[in-house]
Amino acid sequence: MSDRDTRASHERAEAIREEHARLRLLLAEMCEECELARLVPLLQQLAEELALHFETEEAEDGFPAVARLQPRFAALMEEVLAEHRAFLDEVGALLRRAELCVVEVKRIHEEAVAVANRLHEHEIKENDLFLEIATTDLGEAD
Ligand SMILES: [Fe+2]
């Protein structure tokens, strides 16, 4: 391995480690968030950033280059590259489930508002009925 190759490999490894540090911050924020409305954008961000990060690692000058330069790590490189697809699929599935939940929560809220409006009308009807009963001469005084 030439000095130039070694230097390029170290620079690439350093860039990847910096991306890992940024991802850790995002993951920490996501782990703290259980409010669905705020979790969805974090999952969207994670899906986008993971895809870009894995692209960097899988680029010709990324892990494949390291595997060529250091063949003893080739098997481990294959293993981590294979995990990328599984992570992307898993985060994508979580995001779709979370988005469906947001839609469902919105529907439930709309239906709750509709029930509230109908209950309001129902109570007005009852109040009017009580008022009418109270002011109606039942003829019992005769
Ligand atoms: Fe990575």
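Overall, the ratio between the Cα radius of gyration of the chain and 2.2 N^0.38 Å, rounded to two decimals, is 2.13. When +1 charges are put on Lys and Arg Cβ atoms and -1 charges on Asp and Glu Cβ atoms, the dipole computed for region 3-135 relative to its Cα centre reaches about 300 debye. Over the residues of the chain, the helix contribution to mean residue ellipticity at 222 nm works out to -31000 deg cm²/dmol, using -39500 (n - 2.57) for each DSSP H run of at least 4.
Throughout, read-outs are computed from the coordinates displayed, never taken from laboratory work. Nothing here was measured: the structure is a model prediction, and the numbers come from that model. Neighbour counts are summed over all protein chains in view; Cβ atoms, including those assigned to glycine, are modelled from backbone coordinates with ideal geometry.
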